[in-house]
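Below is one structure, written out as structure tokens; the observations come after it.
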Amino acid sequence: MNVKWNFPHGKQLTPMGANDPGINSFNDDIINSLARETIQNSLDARDSEKEPVKVTFDFKDIETNKIPGYKELKEVALENAVKFWKKKGNVPTLDFLKEFRSAIEASEVKVLKISDYNTCGLDGNNYDALVLGNGYSEKSSENAGGSKGIGKAAPFAASDLRLVFYNTVPKKGDIKHAGVLNFVSFNLPGADPDVITQSRALYQDETTKYVSGQINFGFEERQIAQYGTDLFIVGLRNSDEDLENKIIFSTVNNFLVSILEDKLVVVVNDRIIDKETIQEVLIDLKTVNWNFDEKRLLESTENYYEAYTSPDKLEFNLDELFKSKYGFIKDLSDGKLILLKKDKANRAILQTRISGMKIYDRRGISRSINFTGIFRATGKELDKLLRSLENTNHNKWSPDQLLGNGKEARAFLNDLYRWFKDKVNESFVASGGDSIDAIGLSSFLPARSRKQGGTSESQESGI
């Protein structure tokens, strides 16, 4: 075997700097993006419907010189990239290379291992899409959560080295591993000056495109019958933060329904998040010193949990209109809505698909009724449609995502929104002339004070 770092190269290629759009799209909230994207990928690869997918997160420090191909990364890739980009004077890329040098020359680096179980692992097509390809994905089910091929960039955003190793024991195919480095272009030593590398390098055997057997970085090795995949993020960023609680927070916020429906179990450094422990986990998270926005989000997640589990919740299937109007609705149970009214409420509906991952909160339904809702698209054809409407970050449904005519999809989303409003009003607005306050309207009206024997008015300044 000829195992080494391979830097694909060619003549007059377009130089690639550090501003990779795919990686940069996850930089705003790295840990949340990492947890969301990797767990979603694991749910997409679920093997048996009888058992939940299990995803584990574990941390370890390793000696930096133990990284496979360490000498090539430092002496070939880094040094030649610095020379190349100094000539071009590109500051952002030189800044990235400075961070890379700091990480690669440190005595130790932190490794985050993310492993999944009750999954199929990476067969030929899935391996090619995840490790070798770019901009597309291969999923085992048409109802999988992701399809754009962008989410696999999230682990690289979490690494100061932009370095990830994949290890897989698949149900079909060979046990194998490989390393992927999302780097920058540079001139290969001794080559024609017009020959530059691509930004993506692979640690593999040049013939097979992978390395036989497993890699473990000192973690416990996977058993032969434990099908699934391990990701090793080498040079983990922000290692001084409370990574454990941030991953747990992201898990319960993004996968609340998946956990409650027993589709997912997550373990972070031996802390278990499943349908039995999630209430306790939510209570524990309240003791963490979150910022204001994080506290609001945690309260919102707690409200959704209460809506799902409360004995007072109301549950609805789709109305007959949907089945008669849309061919992708096969049964009224293809869409399910849960509503709960209480004083402390989100006034929003969490929207999700078959996998249970949160897509986004649908707001603007009522400004006066204190309700919290959850909508689940459970029909396969409906799920397939909504999947096609998701943007690359999987946090919005938009008809503009369709390459063809999105007219029917736009009509469906409008009807779904109206149905939400109708169900909230039918359920919680008493008949017989109850009035609904227009929130904020008083600020546009004269202030009035009532006195004995008559009315005096005083108009506030402004409008």
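Would you be able to say whether some residue in the stretch 412-422 is open to solvent by less than 60 Å² (accessible area, probe 1.4 Å), out of contact with any Asp or Glu (no Cβ under 8 Å at 6 or more places or on another chain) and either part of a loop (DSSP other than H, G, I, E, B) or modelled with pLDDT under 50 (or both)?
No, the conditions are met nowhere in the stretch 412-422.
Can you tell which of 216, 289 is in a loop (DSSP other than H, G, I, E, B), of a type outside the set (Lys, Arg), over 27 Å from residue 109 (Cβ atoms) and open to solvent by 30 Å² or more (accessible area, probe 1.4 Å)?
Details: 216 fails: over 27 Å from residue 109 (Cβ atoms).
It is 289.
Filter the stretch 195-250 for residues that are touching a Ser or Thr at 6+ places or on another chain (Cβ under 8 Å) and among the hydroxyl-bearing types (Ser, Thr, Tyr) and give the result.
197, 199, 227, 229
Where in the stretch 1-89 are there strands (runs of 3 or more DSSP E), lying fully within it, with 1 or more residues that are exposed (fewer than 13 other Cβ atoms within 10 Å of the Cβ), among the charged types (D, E, K, R) and in contact (Cβ under 8 Å) with a residue 24 or more places away in the chain?
So the answer is 9-11, 53-63.
Is it fair to say residue 247 is touching a helix residue (DSSP H, G or I) at 6+ places or on another chain (Cβ under 9 Å), crowded, with 20+ Cβ neighbours inside 10 Å and farther than 21 Å from residue 5 by Cα?
Numbers: touching a helix residue (DSSP H, G or I) at 6+ places or on another chain (Cβ under 9 Å): yes; crowded, with 20+ Cβ neighbours inside 10 Å: yes; farther than 21 Å from residue 5 by Cα: yes.
Yes.
Among the residues of the stretch 331-346, are any of a type outside the set (Ser, Thr, Tyr), under 22 Å from the mean Cα position of the chain (by Cα) and not in a loop (DSSP other than H, G, I, E, B)?
No, that holds for no residue.
Tell me which residues, restricted to the stretch 358-368, are buried (at least 17 other Cβ atoms within 10 Å of the Cβ) and part of a loop (DSSP other than H, G, I, E, B).
Across the stretch 358-368, the qualifying residues are 365, 366.
Anything in the stretch 231-244 that is closer than 19 Å to residue 273 by Cα and either surrounded by fewer than 21 Cβ atoms within 10 Å (Cβ to Cβ) or of a type in the set (D, E, K, R) (or both)? List them, or say none.
242, 244
Name the one entry in 301, 277 that is out of contact with any strand residue (DSSP E or B) (no Cβ under 6 Å at 6 or more places or on another chain), of a type in the set (S, T, N, Q), open to solvent by less than 90 Å² (accessible area, probe 1.4 Å) and touching a residue at least 12 places away in the same chain (Cβ under 8 Å).
On the way: 277 fails: touching a residue at least 12 places away in the same chain (Cβ under 8 Å).
One residue alone meets the criteria, 301.
Given the criterion modelled with pLDDT of 95 or more, of a type in the set (Val, Ile, Thr), out of contact with any strand residue (DSSP E or B) (no Cβ under 7 Å at 6 or more places or on another chain) and crowded, with 19+ Cβ neighbours inside 10 Å, identify the matching residue among 180, 184, 111.
The conditions single out 184.
Within the stretch 255-275, identify whether any single residue is in contact with a helix residue (DSSP H, G or I) (Cβ under 8 Å, 6 or more places away or on another chain) and of a type in the set (Asp, Glu), and answer yes or no.
Among the residues of the stretch 255-275, at least one is in contact with a helix residue (DSSP H, G or I) (Cβ under 8 Å, 6 or more places away or on another chain) and of a type in the set (Asp, Glu), which makes the answer yes.
Can we say residue 443 is surrounded by 10 or more Cβ atoms within 10 Å (Cβ to Cβ), hydroxyl-bearing (Ser, Thr, Tyr), at pLDDT 85 or above and part of a helix (DSSP H, G or I)? Talk me through it step by step, then tell me what you get.
Working: surrounded by 10 or more Cβ atoms within 10 Å (Cβ to Cβ): yes; hydroxyl-bearing (Ser, Thr, Tyr): yes; at pLDDT 85 or above: no; part of a helix (DSSP H, G or I): yes.
So residue 443 fails the test.
The values are calculated or read from the model by the stated rules, or taken from the named source; none is laboratory data. None of the values given here were measured: they were computed from a predicted structure. Every residue, glycine among them, receives a Cβ derived from its backbone with ideal geometry; neighbour counts consider all protein chains shown. Accessible surface areas use protein heavy atoms only, side chains included; no ligands, DNA or RNA. Shrake-Rupley method; radii C 1.70, N 1.55, O 1.52, S 1.80 Å.
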